[in-house]
6 protein chains.
Amino acid sequence: MQRPSGRQPDQLRKITLTRQYTKHAEGSVLVEFGDTKVLCTATIEEGVPRFMRGEGRGWVTAEYGMLPRSTGTRMGREAARGKQGGRTVEIQRLIGRSLRAAVNLEALGENTITIDCDVLQADGGTRTASITGAGVALSDALAVMKERGLLPDADVHPMPNMIAAVSVGIFDGEVVLDLDYPEDSAAEADMNIVMCEGGGLVEVQGTAEADPFTEAQFATMLSMAKKGISELHDLQKASLEG
Amino acid sequence: MQRPSGRQPDQLRKITLTRQYTKHAEGSVLVEFGDTKVLCTATIEEGVPRFMRGEGRGWVTAEYGMLPRSTGTRMGREAARGKQGGRTVEIQRLIGRSLRAAVNLEALGENTITIDCDVLQADGGTRTASITGAGVALSDALAVMKERGLLPDADVHPMPNMIAAVSVGIFDGEVVLDLDYPEDSAAEADMNIVMCEGGGLVEVQGTAEADPFTEAQFATMLSMAKKGISELHDLQKASLEG
Amino acid sequence: MQRPSGRQPDQLRKITLTRQYTKHAEGSVLVEFGDTKVLCTATIEEGVPRFMRGEGRGWVTAEYGMLPRSTGTRMGREAARGKQGGRTVEIQRLIGRSLRAAVNLEALGENTITIDCDVLQADGGTRTASITGAGVALSDALAVMKERGLLPDADVHPMPNMIAAVSVGIFDGEVVLDLDYPEDSAAEADMNIVMCEGGGLVEVQGTAEADPFTEAQFATMLSMAKKGISELHDLQKASLEG
Amino acid sequence: MQRPSGRQPDQLRKITLTRQYTKHAEGSVLVEFGDTKVLCTATIEEGVPRFMRGEGRGWVTAEYGMLPRSTGTRMGREAARGKQGGRTVEIQRLIGRSLRAAVNLEALGENTITIDCDVLQADGGTRTASITGAGVALSDALAVMKERGLLPDADVHPMPNMIAAVSVGIFDGEVVLDLDYPEDSAAEADMNIVMCEGGGLVEVQGTAEADPFTEAQFATMLSMAKKGISELHDLQKASLEG
Amino acid sequence: MQRPSGRQPDQLRKITLTRQYTKHAEGSVLVEFGDTKVLCTATIEEGVPRFMRGEGRGWVTAEYGMLPRSTGTRMGREAARGKQGGRTVEIQRLIGRSLRAAVNLEALGENTITIDCDVLQADGGTRTASITGAGVALSDALAVMKERGLLPDADVHPMPNMIAAVSVGIFDGEVVLDLDYPEDSAAEADMNIVMCEGGGLVEVQGTAEADPFTEAQFATMLSMAKKGISELHDLQKASLEG
Amino acid sequence: MQRPSGRQPDQLRKITLTRQYTKHAEGSVLVEFGDTKVLCTATIEEGVPRFMRGEGRGWVTAEYGMLPRSTGTRMGREAARGKQGGRTVEIQRLIGRSLRAAVNLEALGENTITIDCDVLQADGGTRTASITGAGVALSDALAVMKERGLLPDADVHPMPNMIAAVSVGIFDGEVVLDLDYPEDSAAEADMNIVMCEGGGLVEVQGTAEADPFTEAQFATMLSMAKKGISELHDLQKASLEG
C-alpha cells in the first residue's frame, strides 16, 4: 500500500502550532495538520451557565465552524441557513467534552472559557486538529487568568495534563495515522482518539464505513494513535515553551 | 461493588422486544431494556434523498425523540422550542449510521426506510435500546418490501447480519454492562458499542466522564460488550422467529 | 346507513383508561378510543408564567404531538422541521383551555401543571381522547399535590368537576357519535364538544366540511354528544376509583 | 344590564365596507365593525399548492396579521419574533376554512386566491370582521377572474352564497351580539359563528371563559347570531351593488 | 425628458400627513407620497434595552413592514416565512438611526419610543415617506410624554429639529426628485437623503444601479434633495400646527 | 488634532493583499487594512438564482461574517444564534451590490460567483477592506473562468474596471481617511465610499453619529475618499500583476 501523500503508515502530517495568531483573544492558535488549518481562539468570560451557578466551579465549552469555502466545493454558510448542521454540533460537543476532561473545573472559579475552532482550510482531520490546537489556546488563556488573578487558588493547576487528538483509520486494508482528505474519503474505518498527556483515554470514536472492523484492527489503531498523540504532546509542549 | 439494581457486572437488564406494537408502520417494535422503553417504527417510502438520485441505491435514516415526560423531570418539547438539541442530533446520526452499516443499500432499490425511535420512558441506555429495537423493526420492514415486490433482486438479502448495541461503563471502579440511569449518571466512563451478528465492530463511542480510562479498562469493556451484544442478537432472532 | 365499524349511531368506541402507564410523571394515563391511543402525562412544576407571577393563582397548560408514524403515512417530525404545525397549535390550545375551565386555578397556589398529550396511534378523535385522558391524568397529579402539601388550602377542591370531550359529526347524512378515521375523513360536518360533569358546555367547535349544516342538525349533534360525554364521565370515575 | 357602548343586546356596531381601498389587489376591502378596522385584500395567483396539482380544482387560503400598535399596548411584531403566534394561526385557519366553504373550488380552475386580513385597529371581533370583509374582497376578485377569462366554465358561479360572521357572548349574565373590546375582555362566554347567506352554519366556535354555559344559553346565542349575520349579508350585498 | 407622472424634475408628489389616523398609539400618522401610503405609529414604553440601563438616557427604535399585497404582486408575509428580509432590516435600521439623530436621547429619561412604519400601499419611496411620517408621529408622542410628565426636564426640548427624507435619482439621464415606482425601477442611480430642519445631513445613501455616477451628478442630486426636504419640513410643520 | 495612530488625516493604514491565501477557492485573498484582516474567497458555481434563469446573464453575490473572537469581546456565533444580525445583512448586501456594479453580468453566462468575506481580526473598516479584497478575489476567479472556457464571449471583459472602497469620517472635528477602531467608535460622522477605477461613484453611505454634518464637510470627505481609493486601486493592480 502507498499512501496518497507518500507518508509512512504511522507518520503524522507536518504539524504547526502558531500562537498569538490574532490579537484580541486570550489564547489564539493557528494549528496546521498539513493543509488542514484551524484557528482556535480562547475567550475568558465571567460567570457560568445558569445550571451551574453558585457551585463555585468554572466551565469550558467549544464552538466549531467551517468557512464556507474552506472545502473543495462551497458549503452553505450555517449562519445564513439559520442552523448548525448535525456534523457541526457533533464536533463541537466532542471538542468541549475533551477539553473539560483535561481541565480541573473547580480551579477555574465561576468563569467560562469558550474555545472557537474555525476551519480556514480543510483537508481531513479538522476535529483532531481543533482539539490539539485548542489545548494550546486553552493553556494560554489559563496563563492569562493566572496573571489577572482570576484563579481562586494559585497553587492548584487548572490543567494538569495537556490534551491532543489524532485520527487513525483503515485505508486500502491497512491501518494509517492522521488521515488526510483523500484517505478519509476512501477509508474503510475511521477513528478519532483523544488522549491526555499521561496516556489516559478521553474519547474513542470509531466508525466502520463499509464493513465492520475486527477487534484486532481496533487494537492496532489504538496503539498507532497512542504513538501519534505522544508526538503531538511533544509539539504542544515545544510550542508553549517557545 | 454492588450494582444499584443488584445485577451481576456482566448482566443485561430484562430485555423485551414487542413487534407490531402499533398498527400503521411497516415495522413497529417496542423495545424495553428494563425500565427504558422505546417505540421503534420503520416507514418505507419511495425515492431517495436528492444527493443519491439515479444511483439505484436505497437509503436508511433515523430520527430520535424523547417524550417530554419520559424522564424524571420534564424536558421542553423540541418541536415547541423549534429545534432539536445537540444530544438528539448526535443520537439519531449514530442510529442511522449503525443501521446503514447492517444493510446492503444496493439491494433496496431507490427506496428510503426511516426509523423513528421515540422514547416513552427513559432509564439509561436509550440509544442502545433504540438501535437494538430498530434492527428488528427494520427487518420487519424489509420483509414487507419483499412481499410487496419492492426489492429489485429477490435473491440478494438486504440485511445480511442483524445489528444490536449495548453500553458498558466504569461504575464505582468496576466495568459493568448495560448501565441503567443511576449507574449512568455516576459512571466514570461510558461506552456505547454497536456490533453486527458476526462480531464485527460498527461503532465504538467511549467517553471518560471524570478521569481518563486506561487501555486495559478499555479492553475489558469491549469484551463485556461483546458478550452482551451476543445475547441481544439471540433475543432479536427469537423475536423475529416468534 | 351503516357505520364502517358497525357501531350504532350513538355508540362510543371501546374506551380504555390505563393509569400509571409510565413511571416518572405525576399523572400518566394511556387513553384509548378504539385504535386511537394517546399517552397523557401531567407534570407539576413550581412557579407560573411571568404574566401571572405574584397573583397567587396557578396555571394549567397542554402540549400535543403525534409520533411521526402514528398515522397511515409518515408525517415529518415537527422537531426536525423546526416548528409546530397550525393543527398542533390549535389542538394544544383547545386542550389547555378546556382543562383550565375544569380547574380552580386559585386552589393550585403558584404552581403549573403541564399536560403532554402524545399520540402513539391515530384513528380519528385524537383531540377528544386527549382531553378525556388528560382529565384523569390531571386528577392524579392534583392528588399528588395534595399529598405533598402543595395546595394552599386543603379544604378547597382544585378540580370540582371532571371534564371530557367527544366528537360528533354528520356521516352519510346521519348524525354519529365518536367518529373514527374512516368516518372523520368522509364526514360532512365535524364537531368537537367539551363538557363538565354537571353538563355545562366548555367548548363547542363545529365545522362544515362541504355544505353548511342546519340548526336542527346542530341540535341533534349536541344532544348526542351530551349522551356520549356522560358515558365518558362514568368511565373516568370508574378508572379513578379502580 | 347596560352595554358599555349603550347598544341594544342584539344590535351590531356601525358596519362599513369600503371597496377598492388600495389599488394593487384584485379585491381590497376595508371593513369596519365600529372601531375595529381590517384591511382585506384578495390576490389571484396561478397554480395551486403541490398536494392539489393536477386535480383541476382551485384553492382559497387566508393569512391574518395585526399591526403592532393596532391594540392598546404594542404587541411584538411577528415577523421580528420569527414566528406567528398560536392565536394568529388559529384565526387564519378559521378564515380560510370559512371562505372555502362558500366557494366552489371546482369552478376556480387551478388558481389560488389568497386573502390577507390585516388589522389596522382592533376593538374586539377582528376575526368576524375579517371573514365579513374577506367575503366581499373574494367576490371582487372572482369578478376579476371572470373578466380575465380565468374561470374554466363561465356558467358556473364560483361563489354561490355570500358568507359572513359575527360574535355573540354572555356579558354580565346576558346574551349580546357583536362584542366590542370592553365586552369581549369581560365576557363569560364567547362564540364566533360563520354562516352562509341561506342560513347554513359553516363554523360554530364557542368557549366558556369562566363557568360553563348551558344549552339554553347556547340556543339564544345561536339565534341572535343568525339575526346579526342576516344584517351583515344585506350590507355586503349593498356594498357589492353600490 | 418627460417624467411618467408629468411632474417637473424637482417636483414632489402630492404629500399628505394625516395625524391620529388610528386611536391607540401615542402618535399615529398616515403619510402619503402620491400613491405610497405608510402608517407610522409611535409607542411609548417604560425602560430601555438592556445595554443602556442605568445610564439615564432614552431610546428610539423603528420597525418596518409591508402588507403582503401593498405591492403589484403579492409578497410572502414575513411573519409566515419566519424572518424579516434583508431589505426590511436595512430600512428599519435606517429609519431608527435617522430618528435618533433628531432626538436628544438624554431628554427622554429611561423610556423607549418604538416607531412602526407599515406600508399599506407602495409606489416607490416607502423609506423616505416612512421617515417623514415618523418624524411627525414621534413629535406627537413626545408631546404626550410631556403631558404625562415623563420627560425628566421640562425645559429641555427632546426633538430640537424636525427630520424628513426624500429620494433623488437619475432617470433617463436626468436628476429627478421623489421617484415613484415607474421611475425607481428604471433609475440609473438612486439616493435617499435624510436631513434635519436646519439643513444638516443625517444620512446619505446613494447607489449606482448600472453605471457609476459622477461627482457632478452627485452634487446636483444633493442640492435637489435639499430643496425637496425643505418643502417636506414645511408640510410637517403645518400638519403639527393644524 | 492627532490621530490615535499618528497617521496624517489623509493617510491610509498599511494595506496588504495576499492572493492564493487558501487553496480550494477560485479566488482567495487575505486583505489587511492595518490590523483589520479579512479573508475573501470567490467561488464559481454553475447556474443562477431562480428569478434570473433563462436570461443568459450571470450573478455575483456576497456573504459576510465575523469570527466570534475577531473582536475585542466575543460576539455570539451567528450560526449558533440561528440568524444573521442586521449589521451582517446590511454589509453583505453592500458588498454584493458593489461588486455587481463592477461586473458585466452579461459576460458571465449563466454562472454565479459567490464572494465570502470572513473577518479574522477586526479593527475598523471591515466592510471597505472586504470590498477591496473581494475585487481582487473576483478578478482571480474571472481569470479561472476564462481559462476553463466558461465565459461565453472571450472578447468581452467581464470586469472592465476594478473596484475598491474606503471609509472617511469626522474625528475630533476633522475629516480623516480610513478610520481604525479607536477613531470609528468616537467619530462624529462616518462614510463608506465605493468607487470604480475610473473615478465613478458606486455607493455612498454617510451617517451622522451625533450632530448632522454640513455639505462642505461632505464635499471634503468625498474628495479625501477619492484620493484614498485611487491608492487602493494602484495596490490592487500591483497585487494582480505581482
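Worth a mention:
- Here is the figure for region C:71-86: residues that are within 7 Å of chain B (Cβ to nearest Cβ) and within 22 Å of B:Y21 (Cα to Cα) total 4.
- Residue within region D:118-136 that is touching a helix residue (DSSP H, G or I) at 6+ places or on another chain (Cβ under 6 Å), touching a residue at least 24 places away in the same chain (Cβ under 8 Å), of a type in the set (S, T, N, Q) and crowded, with 24+ Cβ neighbours inside 10 Å present: yes
- Residue in region B:51-58 that is closer than 30 Å to D:G82 by Cβ and out of contact with any helix residue (DSSP H, G or I) (no Cβ under 7 Å at 6 or more places or on another chain) present: yes
- Total residues in region C:15-44, condition more than 10 Å from every other protein chain (Cβ to nearest Cβ) and among the hydroxyl-bearing types (S, T, Y): 3
- When the residues of region C:101-111 are filtered to those that are in a helix (DSSP H, G or I) and more than 10 Å from chain D (Cβ to nearest Cβ), the one that is nearest to D:E209 (Cα to Cα) is C:L105.
- Restricting region F:200-217 to residues that are farther than 18 Å from F:A102 by Cβ and touching a residue at least 24 places away in the same chain (Cβ under 8 Å), the residue that is nearest to the other protein chains (Cβ to nearest Cβ): F:F213
- Options A:E188, A:E174: the member that is touching a residue at least 60 places away in the same chain (Cβ under 8 Å), surrounded by fewer than 21 Cβ atoms within 10 Å (Cβ to Cβ) and within 28 Å of F:K23 (Cβ to Cβ): A:E174
- Region D:112-124, residues that are in a strand (DSSP E or B) and acidic (D, E): D:D116, D:D118
- Restricting attention to region E:160-187, the residues that are within 11 Å of another protein chain (Cβ to nearest Cβ) and over 22 Å from E:A101 (Cα atoms) add up to 1.
- Listed here are the strands (runs of 3 or more DSSP E) enclosed by region D:5-85 that have at least 2 residues being surrounded by fewer than 16 Cβ atoms within 10 Å (Cβ to Cβ) and of a type in the set (D, E): D:36-46.
- Boolean, A:T220 is among the hydroxyl-bearing types (S, T, Y), without any contact (Cβ under 8 Å) to a residue 24 or more places away in the chain and either more than 14 Å from A:V166 (Cα to Cα) or more than 12 Å from every other protein chain (Cβ to nearest Cβ) (or both): no
- Index of the failed condition, B:V156 passing every other in (1) over 19 Å from B:S239 (Cβ atoms); (2) within 14 Å of chain A (Cβ to nearest Cβ): (2)
- Filter pass, F:I91 being within 12 Å of chain E (Cβ to nearest Cβ), surrounded by 20 or more Cβ atoms within 10 Å (Cβ to Cβ) and not charged (D, E, K, R): yes
- E:L120 being within 13 Å of another protein chain (Cβ to nearest Cβ), touching a Gly at 6+ places or on another chain (Cβ under 8 Å) and among the hydrophobic types (A, V, I, L, M, F, W, C): no
- Region E:45-70, residues that are of a type in the set (A, V, I, L, M, F, W, C), more than 9 Å from every other protein chain (Cβ to nearest Cβ) and within 28 Å of E:T16 (Cα to Cα): E:W59, E:V60, E:A62, E:M66
- Check on F:A101, at pLDDT below 95 and surrounded by 20 or more Cβ atoms within 10 Å (Cβ to Cβ): yes
- Listed by first and then second residue, the pairs linking a residue in region A:45-72 that is closer than 13 Å to A:E106 by Cα to a residue that is of a type in the set (K, R), with Cβ atoms under 7 Å apart and 6 or more places separating them unless they lie on different chains, are A:V60/A:R100.
The values are calculated or read from the model by the stated rules, or taken from the named source; none is laboratory data. As the structure is a prediction and not an experimental result, all values here were calculated from the model. All Cβ positions, glycine included, derive from the backbone under ideal geometry; neighbour counts span all protein chains shown.
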